[in-house]
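Notes for the one structure printed next.
Values quoted throughout were computed directly from the atomic coordinates according to the rules given, and no laboratory measurement underlies them. Bear in mind that the values here come from a model prediction, so they are computed numbers and not experimental data. With ideal geometry, Cβ positions are generated from the backbone for all residues, glycine too; neighbour counts draw on all protein chains shown.
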Amino acid sequence: MAKSGTNVVVWAALAGNLVVATSKFAAAAVTGSAAMLSEAVHSLVDTVNELLLLYGIARSARPADRRHPLGYGRELYFWSFVVALLIFALGAGVSVYEGIDHLLHPVPIERPSVIFVVLAVSLAFEGSSWLVGMRAFRATQRDRGWWEAFRRSKDPPTFIVVFEDSAAIVGILVAAVGTGLAIWTGESRWDGVASLAIAVILAAVAALLARESKELLIGERADPILSDAIMSTASSITGVCSANSIVTLQLAPNNVIATLSLDFFDYLRAPDIERAVVELEARVRSAHPEVSAIFVKPQSVLVAAQSLKDGSSGMTPDVAERDEVAPDEVGDG
């Protein structure tokens, strides 16, 4: 289930985009500006996107059942991917159309003062929403850089809002420059150029968001720090000879499953192993409540190593980033 803070971020973005979209459409109708119309469509798409994200958050919170024994967490990732497609198809697509149309059939801008007033108001609303989103996003950064935090984030609604608002702020500035150049030079085609520039911005943002949402949707490992912590806990359990490897899967921002290969001492009996597994599960869930399920595969170190070498396990254990680890290095990252 998504964090409650994520809901606040999305609701704040929804309220801001709704007001901004309404004002931009009114300004576009009054002035005939292509850049303003592109910005209005952009804000409308963002408004629809927030509604889809809220819907995805609600759907992902449903409890597990027989048909979906691991829950519905990934539905949030599906709707996040849909949002990225909408940004590209509607936001960027309409902006390209409007830009080309105004380059081929330039229309003089009327009442430019209305455009600048609306852009200023929009900038205030988008900036406020951006601050709310960045505050929530920074809470997940730890000591990572901005880009690394984005790549490792498991909470699409938060980083989608940040990217949407960032694109909106840049788009507002581009629209203002395009309108200013059209007025200053008397050449209204600058308005169409600004619309095309907005399309490029939206397409780039959509590509980034689609890529990250796709990775989460098809199954991405949990944070390596969590894998390290689980492996450390497993190694400290009485009766565990060796913690061989771990495979994690992120089902939702706060929902992770983990599969461990553990080597138990040979003298242990079945009841002793059961108690060790119960203790492991209790300790991991106490320290990391986002871990919803733990599966343990008893294996000797040699059997586990051979299984990984042959690929017979059908899974690749969590390791450090590929560019940081030698190809033959196996273990937890």
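Rg over Rh of the range 91-142, using C-alpha atoms and the Kirkwood radius, what does it come to? Don't jump to the answer; show the numbers that get you there.
On the way: Rg = 17.1 Å, Rh = 14.1 Å.
Taking Rg over the Kirkwood Rh, I get 1.21.
Give me the tail of P(r) for the range 112-165 as a percent: Cα-Cα pairs with distance above 18 Å. The partial results should precede the final answer.
On the way: 585 of 1431 pairs.
Of all Cα-Cα distances in the range 112-165, 41 percent exceed 18 Å.
Eigenvalues of the alpha-carbon gyration tensor of the range 160-283, scaled by 5 and square-rooted, set the equivalent ellipsoid semi-axes at 58, 11, 9 angstrom, largest first. For the chain, the Kirkwood estimate of hydrodynamic radius, built from reciprocal distances between every pair of different alpha carbons, is 22.2 Å.
Note on the chain: helix-only mean residue ellipticity at 222 nm, from DSSP H runs of 4+ residues weighted -39500 (n - 2.57) and normalised by residue number, equals -22000 deg cm²/dmol.
Residues within the reach of a label modelled at A26 (point 7 angstrom out along Cα to beta-carbon, backbone nitrogen below 20 Å), restricted to the range 149-189, are 172, 176. Modelled this way, with points 7 Å down the Cα-to-C-beta line, the labels at R144 and V278 are 3.7 nm from one another.
The lysine pair count for the chain, using Cα distances under 24 Å and pairs eight or more places apart or on different chains, is 4. Each of the peptides 156-162, 16-22, 217-223 was scored by the mean count of other Cβ atoms within 10 Å over its residues; in descending order, highest first, they stand as 156-162, 16-22, 217-223.
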